[in-house]
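In what follows, a single structure is set out as C-alpha cells and then discussed.
The values are calculated or read from the model by the stated rules, or taken from the named source; none is laboratory data. Owing to the predicted nature of the structure, the values given are computational and were not obtained by experimental measurement. Counting neighbours? That spans all protein chains shown, and the Cβs are built from the backbone with ideal geometry, glycine included.
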Amino acid sequence: MNTALLDKTLWKEGVWDNNVVFSQMLALCPLLAVTGTATNGLGMGLVSLAVFVAANLLVSTLRGVIPAEVRIPAFVLLIATLVTLVDLMMNAWMHELHGVLGLFIPLIVTNCAILGRAEAFAYKNRVLPSLVDGLAMGSGFIVALVTLGAAREVIGSGTLFANASLLLGEGFHFMELTLIPDYDGFLLMILPPGAFLMLGFIVAGKRVLARRRRTRPLVSQPAAC
Amino acid sequence: MIGKGVLKPSYTQRPAFFAGILGMMAALAGTFLAMGFVGTKEAIALRLQEDLQRSLAQVLPLERYDNDPSQQPLLLPLDSGVSLTVYRGFAGAAPRGYAFEVQEPGYSGVIRVLLGLTEAGEILGVRVLSHTETPGLGDKIEAAKDDWILGFNGRSLESLPEAQWAVKKDGGQFDQFSGATITPRAVVRAVKRGLLMHRANQGALAAPLKEQPEDTL
C-alpha cells in the first residue's frame, strides 16, 4: 500500500526526469497563457493537479471496460466531463479563485499532458500507482508553472507572488513581495513572447544541469500542443 | 483484460460494440454533468447576485437608498441596438443614485465598467467589473491594484467640461499608465458615455419603480 505512494522513481520521473513541461514539452498552451505572474501559475497548477489525479484515477479504474480501439475518445470524454464539473463546483463554492482563473479552467481540457498520462500510464497500470503518477506529474506541472511565472513576474513587473491573497486567502499577504521597487516593468516578459523566451532559457538550464549530473539522456516524447 | 492475449468474444470487435460502449459512457457523463449543473445552479446564481450587490455597494454607498438596486434593472436602448443596464437606488419614491453598466472595447477585449452616479450626475464611484487587459500594465484599472480608478470620484459633466474627459495624452484630465494608454483611455470613454447617457435619460431614470417587484429572471 505505502510502497507505491513512496515510490521514488514515480516521483522523480514526474517532478524532474520526465517533467510534463521541461522534458515532455507538453501542456504548453495553458503554461504560456497563464504564467504572467507566479500566483496565476500556482492557481492553474493546483487546479490542473486535481484534474491530473482524478483523470488518472478514473481511467485506471475503467481500463477494463474501455476497449483499446476507442480509448482516446473515451479519455477525452472523461477529462472533459471532469473539467466541466470542476469548473461548475469552483464557480459555486470557490468563487474568488474562480474569478481569478475562470477563463483558463475550461482550457484544461486542451491540456494534452493529462490525456498523455491517461494513455501512457493510467491505462496500463493499477489504481494506486496511477494516483501517484497523477500526483507526481501534477506536482511537476506546478513546479514548471510557478518557476516560469516567477521568472517572468520578477523580470517583467519586479514583484513576486503579487495578489497571492486573492488566490489563497487573506492570510497569504506575506507572500506578496516587491523585489524591485519603482520598477518600470519589462513589457516583453509579461507578453506571450516572454513566455517562450523564458521557457527556452529554463529548458536549456535544465539540460545543462542534467548533463553535469551525468544522468541518463533526457526522455523526450515528440509532441506538441 | 485488454491486450493480454485473452481470447475475447467476437462481438467485442464489432464497431457497434465500440459505439455502444462510447454511447454508454457519454450517457453516464451526461448524467453526471446534469447532476453537477443542477447541484451548483443555485449556488452559482447566488454568487453572481452577491458579486453584483458587492459591486453596486462599492459605487452606490448603501446609506443613500433603501431598495435593492439589483432588482428591477432599467434597460436604456443604445444607438447600436443593444441596451445599457442601469441599477437604480431609491429612498422611498425619490431617486438617490444610479449605477450604469457600460461596456467599452479596451486593448484586448471588452472592459465592463460599473459607474455610480448621484441622481444629479455626480460620480460616486467607478469600478471595473471584468476585463482582459495585459496583466501588470492595463490591470491598474482594478481598484485592488491601483487607486487610479478613484480619481473619478466627485467629478461630473458640470465640474469638468466634456472635452476634458480624456487621458492627458489626448489633452484631457486623467493620467495614463506608463506603457498602457489604450486601457485607461477606454475606461475614461466608458465613464464619459455613462455620464452622457445619464444626461440624456433623466426622465426614464427617475421613473418610479413598480410597486410589486416582478421576478426579473
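Listed values, structure above:
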{"quantity": "Residue selected from segment B:152-187 under the condition touching a strand residue (DSSP E or B) at 6+ places or on another chain (Cβ under 6 Å) and aromatic (F, W, Y), by the criterion nearest to the other protein chains (Cβ to nearest Cβ)", "calculated": "B:F174"}
{"quantity": "Filter result (surrounded by fewer than 18 Cβ atoms within 10 Å (Cβ to Cβ), over 27 Å from B:V110 (Cβ atoms) and within 12 Å of another protein chain (Cβ to nearest Cβ)) within segment A:90-140", "calculated": "A:W93, A:K124, A:R126"}
{"quantity": "The lone exception for B:V128 - which of (1) within 14 Å of chain A (Cβ to nearest Cβ); (2) in contact with a Phe, Trp or Tyr (Cβ under 6 Å, 6 or more places away or on another chain); (3) not small (G, A, S) it fails", "calculated": "(2)"}
{"quantity": "Restricting segment B:21-56 to residues that are out of contact with any helix residue (DSSP H, G or I) (no Cβ under 7 Å at 6 or more places or on another chain) and among the polar types (S, T, N, Q), the residue that is nearest to A:A74 (Cα to Cα)", "calculated": "B:T31"}
{"quantity": "Boolean, B:F18 is among the aromatic types (F, W, Y), over 30 Å from A:A74 (Cα atoms) and outside any loop (DSSP other than H, G, I, E, B)", "calculated": "no"}
{"quantity": "Residue that is farthest from the chain's Cα centre (by Cα), among those in segment B:154-163 that are without any contact (Cβ under 8 Å) to a residue 40 or more places away in the chain and surrounded by 14 or more Cβ atoms within 10 Å (Cβ to Cβ)", "calculated": "B:L160"}
{"quantity": "Looking only at segment B:131-150, and only at residues there that are surrounded by fewer than 14 Cβ atoms within 10 Å (Cβ to Cβ) and more than 14 Å from chain A (Cβ to nearest Cβ), the one that is nearest to B:P69 (Cα to Cα)", "calculated": "B:L150"}
{"quantity": "Strands (runs of 3 or more DSSP E) (entirely within segment B:26-112) containing at least 1 residues that are among the polar types (S, T, N, Q) and farther than 21 Å from B:L124 by Cα", "calculated": "B:83-91"}
{"quantity": "Segment A:156-180: number of residues that are under 17 Å from A:V34 (Cβ atoms) and either out of contact with any Phe, Trp or Tyr (no Cβ under 7 Å at 6 or more places or on another chain) or within 11 Å of chain B (Cβ to nearest Cβ) (or both)", "calculated": "10"}
{"quantity": "Candidate set from segment B:130-174 (those that are under 24 Å from A:M189 (Cβ atoms) and among the hydroxyl-bearing types (S, T, Y)); member that is modelled with the lowest pLDDT", "calculated": "B:T134"}
{"quantity": "Criterion violated by B:V38 - all others in (1) within 11 Å of chain A (Cβ to nearest Cβ); (2) surrounded by 11 or more Cβ atoms within 10 Å (Cβ to Cβ); (3) hydrophobic (A, V, I, L, M, F, W, C) satisfied", "calculated": "(2)"}
{"quantity": "Among (1) surrounded by fewer than 21 Cβ atoms within 10 Å (Cβ to Cβ); (2) within 23 Å of A:P192 (Cβ to Cβ); (3) touching a Leu at 6+ places or on another chain (Cβ under 7 Å); (4) among the aliphatic types (A, V, I, L, M), the one test that B:V110 misses", "calculated": "(3)"}
{"quantity": "Some residue of segment B:49-72 being within 9 Å of another protein chain (Cβ to nearest Cβ), within 29 Å of A:M94 (Cα to Cα) and free of Cβ contacts under 8 Å to residues at least 40 places away in the same chain", "calculated": "yes"}
{"quantity": "Within segment B:175-188, tally of residues that are modelled with pLDDT of 90 or more and either crowded, with 20+ Cβ neighbours inside 10 Å or outside any helix (DSSP H, G or I) (or both)", "calculated": "6"}
{"quantity": "Segment A:64-80, residues that are in contact (Cβ under 8 Å) with a residue 40 or more places away in the chain, crowded, with 21+ Cβ neighbours inside 10 Å and in a helix (DSSP H, G or I)", "calculated": "A:F75, A:L78"}
{"quantity": "From the options A:G185, A:G200, A:G169, residue that is modelled with pLDDT under 80 and surrounded by fewer than 12 Cβ atoms within 10 Å (Cβ to Cβ)", "calculated": "A:G169"}
{"quantity": "Members of segment A:41-71 that are over 29 Å from A:R152 (Cβ atoms), of a type in the set (V, I, T) and touching a Leu at 6+ places or on another chain (Cβ under 8 Å)", "calculated": "A:V59, A:V70"}
{"quantity": "Counted residues, segment A:148-166 - those being modelled with pLDDT of 85 or more and of a type in the set (A, V, I, L, M)", "calculated": "6"}
{"quantity": "Some residue of segment A:49-63 being surrounded by fewer than 21 Cβ atoms within 10 Å (Cβ to Cβ), at pLDDT 90 or above and facing chain B (nearest Cβ under 9 Å)", "calculated": "yes"}
